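Read the structure below first, then the notes.
The values are calculated or read from the model by the stated rules, or taken from the named source; none is laboratory data. Just so we're clear, the structure is a prediction, and the values are computed from it rather than from any experiment. In this analysis, Cβ positions are derived from the backbone assuming ideal geometry, glycine residues included, and neighbour counts consider all displayed protein chains. These accessible areas exclude ligands, DNA and RNA; they are computed on the full protein's heavy atoms, side chains included. Shrake-Rupley method; radii C 1.70, N 1.55, O 1.52, S 1.80 Å.
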Amino acid sequence: MSDALSFSALGICPEILEAIEVLGFDSPSTIQEKAIPAALNGSDVIGLSHTGSGKTLAFSIPALELISPDESTVQVLCLCPTRELAVQICREVDKLALFMDGISAVPVYGGAPFKSQLEALKRGVQFVVGTPGRIIDHLESGALSLKHLRMLILDEADEMLDMGFLEDIERIAEAMPEKKQTLFFSATMSPSIRALVSRFMRDPVEIVIKRPTLTVPTIEQVYYEVVFSSRIELLSRLLDTGKVKMGLVFANTKRVVDDIVDGLMFRGYAVDRLHGDMPQVMRERVMDSFKKGRLNVLVATDIAARGIDIDDIDVVVNFELPRDPEDYVHRIGRTARAGREGKAITFVGRRDFALMGRIERFIGVKLKREPVMTAVQVEQMRTEALVDEVIELIERGAVLPEELKEVEATPEELATALFALLKAKTRREVQDIPEDRQQKRLDRLGTEVTQEGSEIPPKGDSWKDRGETVTLFMNAGKMLGIRPKDIAGLFYNTVEMDRGAVGDIRMFPKYSLIEVDAQVAPHLIEALGHATLCGYRVNVREDKGMGEGNGYSRTRKKRPSFWESDSYEGERRHSFPRGGRASKGHSRRDKGGRDAKGWN
């Protein structure tokens, strides 16, 4: 931000300056200060700047100055990756054009009625903001013409390329005149962005804005080490404590979002989802319910959450770690707004620590580990939260209902009975998760602590102490050259589970029998129904007693683990071999990934 410079010094027309004053902007941000004069001079501009730096004004002001109000043709086209961002940009354009007669803007995006957009385009607009897929639909229908286009804007260009919109952008570009001004805004300059720039722009002015402090100091950042199958229960326990008044939960895929919402709804929580498969009307209805407090929790993907701007979110939960550290910053930045305090909670599995380390290095903050709350701790915290709610509702001079006056009981007895009734009606049965058993073992055997202060299981905590197993059948064996460590690697890389959850691996010429922890067996069967191992398509299911596996389908006491057996071939001193890997799309974590138009 420049203290000395004002918007009037950038050469902006009086009508827009008047709108800026009404909107309450005092001075331009760094990206606005550098991009607006360059764009007003007619140069192509590349703006590399983070989300929230003021990019919308940086490209909207030069675009509005370029428009001729007397012509009702499309003169400016802004492409962006999501519907929420399209609506947000269009609102800002309308505000800036408040004192500019004859200029109109319209958002064009999928998920909204085609007819209303068609009618708006036919009435004549100069500024169109849209997502690539729906823009192409209107071009092909003939409702949208770009023959008179003067400026092309690409906002969040890196995001659009990540989502597979390159071909759509190229198709749209074919409908534009060759001579036009182009503005690119992106958070990063990847090789694909650089290639796009070379094709679309002429001697562009490149503006790079360094990111300021990445996370707000008022955000408490913690993590829980927890297997994937335990996360809905852990999330439920956090909600049971009453500490989450307005929570935003992030997942990486639409499928996981649906699983979370279904699981929480089944437990009776006020929760809903937000992702790209929902009609726009439904998305707006969900957001309205969340803003008005009818929902305690909103579960969303990163893309769908773009445009969420609510100051009252007190907790953000990363149900899964985002793949990009910048997405982590965007996620947790939705709490601790307007000077408030907030909390960011992240669930991590054993294979997530490398990614979490990258995020910690990126933000310059080390996340604090918190132990998984036990049922007793949850009950205590829930009781305290209920007491706080009761205290808030106490009214001085309140009169008992007539029906209660007739009850023969002291005030203490009456209050105790009513509080017990309230607890019973709001009580949820806490479900057991593997972390509970691990904590009990730690409490019983003692806890070993690393130099960083994180707890690790005591030595000797082996397969033999962990209960029961299930035998799984895989239709691949020695004839394919597959080794036990390939199978174990496939299992561990597909489903998050404790070390030692894969036990005895018995290999035969055409198939294999693998003993696994009974707790993770259903998740392995689901995730590995059709997977690829060493280049071969394999199928995993519960053993039904075929051939030499006769009788292995029943639950049985665990054998020595893969780590303790001869199958490990003396490699115990090294990290686990990662030879096997599920094919993309068949891992539990890969299903429901984004495609070019089916955004998360």
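Can you tell me which residue in the stretch 258-277 is nearest to Gly111 (Cα to Cα), limited to those that are open to solvent by 20 Å² or more (accessible area, probe 1.4 Å) and assigned to a loop (DSSP other than H, G, I, E, B)?
If we take residues in the stretch 258-277 being open to solvent by 20 Å² or more (accessible area, probe 1.4 Å) and assigned to a loop (DSSP other than H, G, I, E, B), then Asp277 is nearest to Gly111 (Cα to Cα).
Residues in the stretch 392-404: is at least one out of contact with any helix residue (DSSP H, G or I) (no Cβ under 7 Å at 6 or more places or on another chain), among the aliphatic types (A, V, I, L, M), part of a helix (DSSP H, G or I) and surrounded by 13 or more Cβ atoms within 10 Å (Cβ to Cβ)?
no
Tell me which residues, restricted to the stretch 228-257, are open to solvent by less than 10 Å² (accessible area, probe 1.4 Å) and of a type in the set (D, E, K, R).
Hits for the stretch 228-257 are Arg231, Glu233, Arg237.
If you go through the stretch 90-116 one residue at a time, how many are in a helix (DSSP H, G or I) and either open to solvent by less than 10 Å² (accessible area, probe 1.4 Å) or aromatic (Phe, Trp, Tyr) (or both)?
Residues in the stretch 90-116 being in a helix (DSSP H, G or I) and either open to solvent by less than 10 Å² (accessible area, probe 1.4 Å) or aromatic (Phe, Trp, Tyr) (or both): 4 in total.
When both residues are 6+ apart or on different chains and their Cβ atoms are under 9 Å apart, which pairs have a first residue that lies in the stretch 486-511 and is at positive phi, and a second that is open to solvent by 20 Å² or more (accessible area, probe 1.4 Å) and of a type in the set (Phe, Trp, Tyr)?
Gly500/Trp563
Of (1) touching a helix residue (DSSP H, G or I) at 6+ places or on another chain (Cβ under 8 Å); (2) open to solvent by 80 Å² or more (accessible area, probe 1.4 Å); (3) basic (Lys, Arg); (4) touching a residue at least 40 places away in the same chain (Cβ under 8 Å), Lys366 satisfies all except one. Which?
Result: Lys366 fails condition (4) only.
Go over the candidates Asp314, Asp327, Asp309 one by one and state the one that is touching a Gly at 6+ places or on another chain (Cβ under 8 Å) and either of a type outside the set (Phe, Trp, Tyr) or in contact (Cβ under 8 Å) with a residue 12 or more places away in the chain (or both).
None of the other options fit; the residue is Asp314.
Could you tell me whether Ile303 is open to solvent by less than 10 Å² (accessible area, probe 1.4 Å), in contact with a helix residue (DSSP H, G or I) (Cβ under 9 Å, 6 or more places away or on another chain) and either outside any strand (DSSP E or B) or more than 19 Å from Ile345 (Cα to Cα) (or both)?
Taking the combined requirement at face value, the residue satisfies it.
Of everything in the stretch 19-35, what is closer than 16 Å to Lys55 by Cβ, modelled with pLDDT under 90 and out of contact with any Leu (no Cβ under 9 Å at 6 or more places or on another chain)? Give them in sequence order.
The answer is Thr30, and nothing else.
Which condition number in (1) touching a residue at least 40 places away in the same chain (Cβ under 8 Å); (2) open to solvent by 10 Å² or more (accessible area, probe 1.4 Å); (3) closer than 30 Å to Leu321 by Cα; (4) not hydrophobic (A, V, I, L, M, F, W, C) is the one that Arg150 fails?
If we test Arg150 against (1) touching a residue at least 40 places away in the same chain (Cβ under 8 Å); (2) open to solvent by 10 Å² or more (accessible area, probe 1.4 Å); (3) closer than 30 Å to Leu321 by Cα; (4) not hydrophobic (A, V, I, L, M, F, W, C), just (3) comes out false.
So which of Ile308, Ile345 ends up being within 15 Å of Ala251 (Cβ to Cβ) and modelled with pLDDT under 80?
Ile308
Testing Glu320 on (1) free of Cβ contacts under 8 Å to residues at least 40 places away in the same chain; (2) in a loop (DSSP other than H, G, I, E, B), one condition comes back false. Which one is that?
For Glu320, the failing item is (1).
Do we find that Ser186 is on the phi < 0 side of the Ramachandran plot and either open to solvent by 40 Å² or more (accessible area, probe 1.4 Å) or at pLDDT below 85 (or both) in this structure?
No.
Could you check how many residues of the stretch 278-294 are surrounded by fewer than 17 Cβ atoms within 10 Å (Cβ to Cβ) and under 17 Å from the mean Cα position of the chain (by Cα)?
Count: 0.
For the stretch 369-391, enumerate the residues that are touching a residue at least 60 places away in the same chain (Cβ under 8 Å), within 19 Å of Phe419 (Cα to Cα) and open to solvent by 50 Å² or more (accessible area, probe 1.4 Å).
Matches in the stretch 369-391: Met381, Glu384, Asp388, Glu389.
Kindly establish whether Ala105 is at pLDDT 90 or above, small (Gly, Ala, Ser) and in contact with a Cys (Cβ under 7 Å, 6 or more places away or on another chain).
The answer is yes for Ala105.
Which of the residues belonging to the stretch 153-167 are over 18 Å from the mean Cα position of the chain (by Cα) and either closer than 20 Å to Gly47 by Cβ or open to solvent by less than 70 Å² (accessible area, probe 1.4 Å) (or both)?
Correct list: Ile153, Leu154, Asp155, Ala157, Leu161, Gly164, Phe165, Leu166.
Return the residue satisfying two criteria in turn: it lies in the stretch 478-496 and is surrounded by fewer than 24 Cβ atoms within 10 Å (Cβ to Cβ) and part of a loop (DSSP other than H, G, I, E, B), and of such residues it is modelled with the lowest pLDDT.
The residue in question is Glu496.
Please work out which residue is farthest from Val76 (Cα to Cα), limiting yourself to the stretch 129-145 and to residues that are buried (at least 21 other Cβ atoms within 10 Å of the Cβ) and either of a type outside the set (Val, Ile, Thr) or over 23 Å from the mean Cα position of the chain (by Cα) (or both).
Of everything passing the filter in the stretch 129-145, Arg134 is farthest from Val76 (Cα to Cα).
Does Glu220 meet the test of being open to solvent by less than 20 Å² (accessible area, probe 1.4 Å), in contact (Cβ under 8 Å) with a residue 24 or more places away in the chain and within 30 Å of Val378 (Cα to Cα)?
No; evaluated as a whole, the condition is false for this residue.
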